[in-house]
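Structure, as structure tokens:
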Amino acid sequence: MLWALCLSACVSGTPAETGPKIQIKPLASARQVEVVVSVPENILAKFPASKLTQEQGEALLQFSLVNEGKEGSPILGTYERRGKHLVFTPRYPLSYKETYRARFGKTAADYRVPERAPTTSAVVQRVFPTSPVLPANHLKFVITFSRPMQGGDEIFDQIEILDAQGNAVHDPWLRDELWDEKSQRLILYIHPGRIKWGVLLRMLFGPVLRPDREYTLVIKAAMRDADGQPLGKDYRQKFRTSAEDRKRIAISDWTVKPVQAGSKQALVVEFKKVMDVNSLKRFISINDAKGKPVKGTIEVGKHERSWSFKPAAEWRAEEYTIRAGRQMEDVAGNTPVRPFDMDLKAPALPPPPLQLRFRPGK
């Protein structure tokens, strides 16, 4: 394997014959290594028998990126005693084509990460919402990639909103990274300070989106996957805006399509506005006449304007209840309980209905 060849070719130590020995061992890949040092017992005895703190470990062993022959700051990771050895594991994968140096006192060993093997570029699989028309106070995009991606503050400059003339909207994003556990799905918020009335950011820079305009979401080709490989080409998704939507979700406006008792026909609920895709997956449920949850599978409809539920067992000729969670949102961040942006001095809104009842036909 490439990393096995790299071990013999890229690691070089300069220990004294009786001094400590440093080994840099690739693990699952050439970018994931552990540094193993044989340490005299009289030194190790001064430290814990298992894990060491970063400060304790760095006092003995430093692992740094080498740039033009100079060692940088020690890299963060975990230090652990294993018998007579001190083992360091970097917290993050190493970078391709870079040289790293492990140093224990005057003893050092270098390790060079080879070039990345050619791989298929990651692609943008889907961007929600898929609706071509969004309210001008639209709140967030959910972007799914085919492979784990590389995070960092630069991603907020690699994703843009262009106006109809092709000009980038100034600094539209809330710069908080919200990735799933696989680093393949990114939730990207438009800055709430550009959406809410009376907030300084909106007064200074105006809203990110304006009603009745054409826009394009652009994910740039320079955005990189976890291996450092760029997407290779821009991803573009056009949409236009309607008036701002500053009303809470009205469950009473939902339309429930009839189903037949004795069938496993999918129940379809239609909405009058575009809903948040994650909310549709998490915050709608169905209970039977005894209040027990009904098991089944969920699908989100075209442009997030409908929700369907196919029961695992046949519908019975009894009353069922569709329940909406208080946390569910539309694409403007409005919930059934309150709009995303509201006047805190205004009278309190009446409690909202959070359920609909239906009975399958015979």
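Report, by residue number, each residue of the range 178-194 that is basic (Lys, Arg), at pLDDT 95 or above and under 18 Å from the mean Cα position of the chain (by Cα). Within the range 178-194, just Arg185 meets the criteria.
What strands (runs of 3 or more DSSP E) completely inside the range 195-311 contain at least 1 residues that are among the β-branched types (Val, Ile, Thr) and either modelled with pLDDT of 95 or more or under 25 Å from the mean Cα position of the chain (by Cα) (or both)?
Details: elements: 214-219, 235-242, 267-270, 284-287, 296-300, 306-311.
Answer list for the range 195-311: 214-219, 235-242, 267-270, 284-287, 296-300.
Yes/no per residue for (1) surrounded by 16 or more Cβ atoms within 10 Å (Cβ to Cβ); (2) under 19 Å from Val331 (Cα atoms); (3) of a type in the set (D, E, K, R):
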| site | (1), (2), (3) |
| --- | --- |
| Thr144 | no, yes, no |
| Ile161 | yes, yes, no |
| Ala164 | no, no, no |
| Val169 | yes, no, no |
| Pro192 | yes, yes, no |
| Ile195 | yes, yes, no |
| Pro211 | no, yes, no |
| Arg224 | yes, no, yes |
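Cβ-Cβ distances below 8 Å connect the following pairs, each with a first residue in the range 293-306 that is more than 21 Å from Leu134 (Cα to Cα), a second residue that is surrounded by 15 or more Cβ atoms within 10 Å (Cβ to Cβ) and of a type in the set (D, E, K, R), and a separation of six or more residues or different chains: Val294/Asp288.
State all residues of the range 312-362 that are of a type in the set (A, V, I, L, M) and more than 32 Å from the chain's Cα centre (by Cα); if no residue qualifies, say none.
Ala313, Ala317, Ala346, Ala348, Leu349, Leu356
Being free of Cβ contacts under 8 Å to residues at least 12 places away in the same chain, assigned to a loop (DSSP other than H, G, I, E, B) and not β-branched (Val, Ile, Thr) is a property that Pro118 has. When the residues of the range 28-72 are narrowed to those that are of a type in the set (A, V, I, L, M) and free of Cβ contacts under 8 Å to residues at least 24 places away in the same chain, which ends up farthest from Thr99 (Cα to Cα)? Checking each candidate, the answer is Ala45.
Only one of the numbered conditions (1) modelled with pLDDT of 95 or more; (2) not in a strand (DSSP E or B) is not met by Phe63, and that is (2).
The values are calculated or read from the model by the stated rules, or taken from the named source; none is laboratory data. Since the model is a prediction, treat every value here as computed from it, not as a measurement. As a convention, Cβ positions derive from the backbone with ideal geometry for all residues, glycine included, and neighbour counts pool all protein chains shown.
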